[in-house]
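The values are calculated or read from the model by the stated rules, or taken from the named source; none is laboratory data. Treat the numbers as computed from the prediction; the structure is a model and nothing was measured. Please note: Cβ atoms are built from the backbone with ideal geometry, for glycine as well, and neighbour counts cover all protein chains shown. We work out accessible area using only protein heavy atoms, side chains counted, and drop any ligands, DNA or RNA first. Shrake-Rupley method; radii C 1.70, N 1.55, O 1.52, S 1.80 Å.
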Amino acid sequence: MSFKKFIPNFITLLNLFSGSIAVLFAVNDNFIAATFFVFLGIFFDFFDGFFARKLEVQSDLGLQLDSLADMVTSGLVPGIVMFKLITLSCEETAFLDLSGEWNSIMHFDGFKLAPIALVGLFITLASAYRLAKFNIDEDQQGYFKGLPTPANALLILSLPMIMQFQDNDLINNMILNKWFLIALSLLSCYLLNANTKLFALKFKDWSFGNNAIRYVFMLLSLVLIIILHFAAIPLIIALYIILSLLNKKH
């Protein structure tokens with residue numbers, strides 16, 4: 001039995017391991033470390049498919065394992081982070097007494113819960129639904145239907161990174177507005193499962209003609225990152241969607 005068939009699955013398990021560590025950090029409010037391990041998991045997620053194709057060892061087991069790993073790294077972690085951010089936003093505005101039961105902070109033996117913050121976990125549910133649909137859809141080879149879960153995870157996790165490293169009062173106040181976070185959660189759920197074709201960053205060859213949209217996207221993304229740093233990530237996700245809608249072939 002060839003050893004090479006196990007290489008992509010081992011890389012997938014590294015994705016799952018990274019995501020599991022990210023969960024531990026996220027539930028303990030260490031969003032920066034959680035984001036680092038999600039980035040690491042997404043890195044492994046890219047290369048498991050790459051090696052599976054290169055080694056010609058793609059399998060149904062690998063497909064299922066990949067989705068299970070993505071469910072943790074790119075589904076559970078962003079849901080927890082959004083739950084935590086909404087909870088934090090409710091704490092920040094508690095003094096206004098606008099709350100009622102849904103906005104109020106309830107304490108359970110040291111655990112804080114604002115029921116409205118559970119909306120953040122809708123992201124996890126929508127991610128699971130999206131991954132399940134992907135597994136049974138044979139059409140999504142050169143494109144995606146709906147926003148891929150890793151891209152959505154980067155969108156959500158960019159929020160604490162922006163607050164930590166760019167520290168702009170106006171932006172921080174917007175991010176910690178619970179209605180903004182709730183709206184973003186619902187938008188995220190929609191984008192994950194929208195019946196919209198988005199191009200995949202898979203290169204069958206390196207020619208510009210066949211990959212023009214990918215090269216343009218990568219170049220513009222690099223420029224945005226250089227200029228805006230972590231604040232570029234939401235704009236890059238928006239750029240990805242816009243270019244996909246303008247693209248006539250996937």
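When the residues of region 196-223 are filtered to those that are aliphatic (A, V, I, L, M) and open to solvent by 40 Å² or more (accessible area, probe 1.4 Å), which remaining residue is nearest to ASP139 (Cα to Cα)?
LEU201
Can you name the residue in region 120-148 that is of a type in the set (Ser, Thr, Tyr) and in a helix (DSSP H, G or I) and, of all such residues, is farthest from ASN15 (Cα to Cα)?
If we take residues in region 120-148 being of a type in the set (Ser, Thr, Tyr) and in a helix (DSSP H, G or I), then TYR129 is farthest from ASN15 (Cα to Cα).
Can you find a residue that is farther than 21 Å from PHE25 by Cβ and open to solvent by 50 Å² or more (accessible area, probe 1.4 Å) anywhere in region 141-157?
Looking through region 141-157, at least one residue is farther than 21 Å from PHE25 by Cβ and open to solvent by 50 Å² or more (accessible area, probe 1.4 Å).
Residues checked against (1) out of contact with any His (no Cβ under 8 Å at 6 or more places or on another chain); (2) in a strand (DSSP E or B); (3) within 22 Å of ALA231 (Cα to Cα); (4) of a type outside the set (Phe, Trp, Tyr):
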position: PRO150; (1), (2), (3), (4): yes, no, yes, yes
position: MET163; (1), (2), (3), (4): yes, no, yes, yes
position: PHE180; (1), (2), (3), (4): yes, no, yes, no
position: LEU184; (1), (2), (3), (4): yes, no, yes, yes
position: LYS204; (1), (2), (3), (4): yes, no, no, yes
position: GLY209; (1), (2), (3), (4): yes, no, no, yes
position: ALA212; (1), (2), (3), (4): yes, no, no, yes
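In region 169-193, which residues are surrounded by 19 or more Cβ atoms within 10 Å (Cβ to Cβ) and under 18 Å from LEU121 (Cβ atoms)?
LYS178, LEU181, LEU184, SER185, SER188, CYS189, LEU191, LEU192
To keep it simple, each residue is scored yes or no on (1) open to solvent by 20 Å² or more (accessible area, probe 1.4 Å); (2) in contact with an Asp or Glu (Cβ under 9 Å, 6 or more places away or on another chain).
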{"residue": "ASN9", "(1), (2)": "yes, yes"}
{"residue": "ALA22", "(1), (2)": "no, no"}
{"residue": "LEU40", "(1), (2)": "yes, no"}
{"residue": "PHE44", "(1), (2)": "yes, no"}
{"residue": "SER59", "(1), (2)": "yes, no"}
{"residue": "ALA69", "(1), (2)": "no, yes"}
{"residue": "LEU76", "(1), (2)": "yes, no"}
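Of all the residues that make up region 29-51, how many are modelled with pLDDT of 95 or more and not hydrophobic (A, V, I, L, M, F, W, C)?
3
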